[in-house]
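The values are calculated or read from the model by the stated rules, or taken from the named source; none is laboratory data. Small disclaimer: the values here were computed from a predicted structure and weren't measured. Positions of Cβ are generated from backbone atoms using ideal geometry, with glycine treated the same way; all protein chains shown enter the neighbour counts. Remember, those area values only see protein heavy atoms, side chains included, never the ligands or the DNA or RNA. Shrake-Rupley method; radii C 1.70, N 1.55, O 1.52, S 1.80 Å.
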Amino acid sequence: PANPTTSATPTTTTTFSPQIPDELADFEIGSVTLDDEPWLVAIADTRELRSRGLMFVTDLGDLDGMLFVYDTPTGGAFWMKNTLIPLDIAFFRTDGTLVAVLQMEPCGDQDPCPTYGPGDDYQYALEAPAGDLINLDPATVLEGY
């Protein structure tokens, strides 16, 4: 009798490897959910990373934005010094509920540079390219971090 031959079809698994700007290579990359949509974000969760933020970045690559994470609620304001692209910023309370959304314009290296604050405490701030956050529903909740 003849021996049947079998052939195995190799399977490959492709892993998504997002394109990240060199300026953000030191940041952890994570995912959060906003209005049931996943957002791929660089995470600024230390004083050093938060102070650098999106300075000198001209293109986010595959990232949707940057999430600023604080250990405790804060009321601090943001500025756009050395930030090259216009951004929206959404501030969220500890429970993920939305505090405020603002539009921010680059100020180059000018002094003084305008500051942008929500007028209330927040624990998370999400920056994204201008137009991506400004129309968020006030009931929007940040989830996943």
FRET efficiency, Gln19 to Arg47 (Cβ-Cβ, R0 30 Å, nearest 0.05): 0.65
Two-site label geometry, Asp26 and Asn135: point separation in nm, points 7 Å out along Cα→Cβ: 3.7
Global geometry of the chain, whether rounded, prolate or oblate, following the gyration tensor of its Cα atoms and the 1.5 cut on a/c: prolate
Label point 7 Å beyond Cα of Trp79 along Cβ direction - residues of segment 111-144 with amide nitrogen under 15 Å: 111-117
Test item: Cα-centred dipole of the chain, Lys/Arg +1 and Asp/Glu -1 on Cβ, debye: 220
Taking the chain and dividing mean pair separation by its residue count, relative contact order in percent (alpha carbons under 8 Å, at least six apart): 24
Other-chain or far-sequence residues with amide H under 5 Å of Val141's (modelled H): Asp35
Under 13 Å from the Gln103 label point (7 Å along Cα→beta-carbon), backbone N, segment 74-97: 86-89
Mean-position separation - Cα centroids, segment 70-84 and segment 122-144, in angstrom: 14
Apportionment of accessible area to carbon and sulfur, the chain, percent (1.4 Å): 48
Rg in Å to one decimal, and Dmax rounded to a whole Å, for segment 32-72 via C-alpha atoms: 11.2, 30
